[in-house]
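Colleague: Please read through the structure below; I'll follow up with questions.
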Amino acid sequence: MTQLTSVFPPFALRLATPRLVLRPLLDEDIPAAVEAAASGIHERGRNPFSTPWAESPPDQLGAGMARWYWQCRANSTPESWSLILGIWHGETFLGCQDVGAKDFAVLRTVTTGSWLRRDAHGRGFGKEMRAAVALYAFDWLKADVAESEAAEWNAASLGVSRSLGYELNGVTRMSWGGKVETVQRVRLIPGAFKRPDWQLKVEGHQPTAEFLGL
């Protein structure tokens, strides 16, 4: 019988840190992701995302999340790809960490974004999962640059970036959810990366790399 990983090879990818497991979301994981998001991600009216998806009405949140996950899979090609990794702490689903790129073969640059359920905030998970994808990007995908961004007021996200060695990479004004937002961009290179004192465990890299044209 044909395995799902042979149809969509990134499903074989698994990253493990001392406390977390990161792997691409399967359809069967989507309900857990919706439940985690519905439990609360951020203070109401204090949107940290370019699209205020987490403030969707309860009857629309799940469908919107599912469409986004399916869209990211469907549109992933060697020229433009996005891996949406679910985050597990033991059996508990905490949130998502994404890593993506456009023209990676030429630019060797990835971008990242993430979210965590509110009851998981303040426990170092955000730093651990960002460190995991930075390690994977630099050591396995052979990226030269990792980029991210956050609203200027988002001290938690920018604090994670600073703690890992990201440098400020300019400020811009953007429309987030129909409101003007001052956005701080950040940039990390391998030589500036403040590596964690643990080793990332990786499974399923080879089929993922081949799917991404690497």
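The values are calculated or read from the model by the stated rules, or taken from the named source; none is laboratory data. It should be emphasised that the depicted structure is a prediction, and the values quoted were computed from it without experimental measurement. Quick reminder, even Gly has a Cβ in these numbers, built from the backbone with ideal geometry, and neighbours come from all protein chains shown. What goes into the accessible areas is simple: the full protein's heavy atoms, side chains included, and nothing from ligands, DNA or RNA. Shrake-Rupley method; radii C 1.70, N 1.55, O 1.52, S 1.80 Å.
Colleague: What does the charge count around Ser161 come to, taking other residues whose C-beta lies under 12 Å from its C-beta (Lys +1, Arg +1, Asp -1, Glu -1)? Let's see the in-between values first.
Modeller: Numbers: positive: Lys127, Arg130, Arg162, Arg185, Arg187, Lys194; negative: Glu147, Glu149, Glu167.
Taking every Cβ under 12 Å from that of Ser161, the sum is +3.
Colleague: So which chymotrypsin sites (Phe, Trp or Tyr not before Pro) in the stretch 1-72 are both in a DSSP loop and have at most 10 other Cβ atoms within 10 Å of their Cβ? Intermediate results must be reported in sequence, preceding the final value.
Modeller: Numbers: sites: Phe11, Phe49, Trp53, Trp68, Tyr69, Trp70; in loops: Phe49.
In loop regions of the stretch 1-72 (DSSP not H, G, I, E or B), there are no sparsely surrounded chymotrypsin sites (Phe, Trp or Tyr not before Pro).
Colleague: Just to confirm the filter: which GluC sites (Glu not before Pro) across the stretch 38-99 are DSSP coil and have at most 12 other Cβ within 10 angstrom of their Cβ? Each step should come with its number before you reach the end.
Modeller: Values: sites: Glu43, Glu55, Glu79, Glu91; in loops: Glu43, Glu79, Glu91.
Passing sites in the stretch 38-99 are Glu43, Glu91.
Colleague: All other residues with a Cβ under 10 Å from the Cβ of Arg23 taken together, and with Lys, Arg as +1 and Asp, Glu as -1, what is their net charge?
Modeller: Around Arg23, the surrounding residues sum to -1.
Colleague: Mind ranking 96-102, 172-178, 30-36 by how tightly packed they are, going by the mean number of other C-beta atoms within 10 angstrom, highest first?
Modeller: Order by mean packing, descending: 96-102, 30-36, 172-178.
Colleague: Sticking with this one: At 222 nm, what value in deg cm²/dmol follows for the chain if DSSP H runs of at least 4 each add -39500 (n - 2.57) and the sum is divided by all its residues, to the nearest 500? If you can, show how the numbers build up before the last one.
Modeller: Numbers: 7 runs with 62 residues, N = 214.
Result for the chain, helices only: -8000 deg cm²/dmol.
Colleague: A further question on this structure: Cross-chain or 8 or more residues apart, Cα under 23 Å: how many lysine pairs in the chain fit that? Count them up, please.
Modeller: On the way: Lys102/Lys142; Lys127/Lys142; Lys127/Lys194; Lys127/Lys201; Lys142/Lys194; Lys142/Lys201.
The result is 6.
Colleague: May I ask you to give the percent of accessible area on the chain that is carbon plus sulfur, with a probe radius of 1.4 Å? Spell out each step's value before the answer.
Modeller: Details: 5610 of 11150 Å².
The value for the chain is 50 percent carbon and sulfur by accessible area.
Colleague: For the stretch 1-98, how big is the tail of P(r) above 22 Å, as a whole percent of Cα pairs?
Modeller: Values: 1591 of 4753 pairs.
When all Cα pairs of the stretch 1-98 are counted, 33 percent exceed 22 Å.
Colleague: How much length is gained on full extension from Asp27 to Asp119, taking 0.36 nm per residue of separation minus their Cα-Cα distance?
Modeller: Values: separation 92, 0.36 × 92 = 33.12 nm, distance 2.39 nm.
Gain on extension, Asp27 to Asp119, equals 30.7 nm.
Colleague: Cβ under 13 Å from Leu83's Cβ, Leu83 left aside: what net charge do those residues give with Lys, Arg +1 and Asp, Glu -1?
Modeller: Details: positive: Arg14, Arg23, Arg73; negative: Asp98.
Combined, the nearby Lys, Arg, Asp and Glu give +2.
Colleague: For the stretch 95-153, how big is Rg over Rh, using alpha carbon atoms and the Kirkwood form of Rh? Don't jump to the answer; show the numbers that get you there.
Modeller: Values: Rg = 12.5 Å, Rh = 12.3 Å.
Reported Rg/Rh, Kirkwood definition of Rh: 1.02.
Colleague: In addition: With N residues in the stretch 102-214, what two-decimal value do you get for its Cα radius of gyration over 2.2 N^0.38 Å? Display every interim value, and only then the final one.
Modeller: Values: Rg = 15.0 Å, N = 113, 2.2 N^0.38 = 13.3 Å.
Cα-based Rg divided by the globular estimate yields 1.13.
Colleague: Convex hull volume of the Cα atoms in the chain, per residue, in Å³?
Modeller: 127
Colleague: In the stretch 110-214, which GluC sites (Glu not before Pro) are in a loop and have at most 14 other Cβ atoms within 10 Å, using DSSP for the loop call? Provide the component values of the computation, followed by the final result.
Modeller: Numbers: sites: Glu128, Glu147, Glu149, Glu152, Glu167, Glu181, Glu203, Glu210; in loops: Glu152.
Counting only loop positions with at most 14 other Cβ atoms within 10 Å, the GluC sites (Glu not before Pro) in the stretch 110-214 are Glu152.
Colleague: Please give the per residue accessible area of the chain, computed with a probe of 1.4 Å over protein heavy atoms only, in Å². Working shown, then result.
Modeller: Numbers: 11150 Å² over 214 residues.
For the chain, the solvent-accessible area averages 52 Å² per residue.
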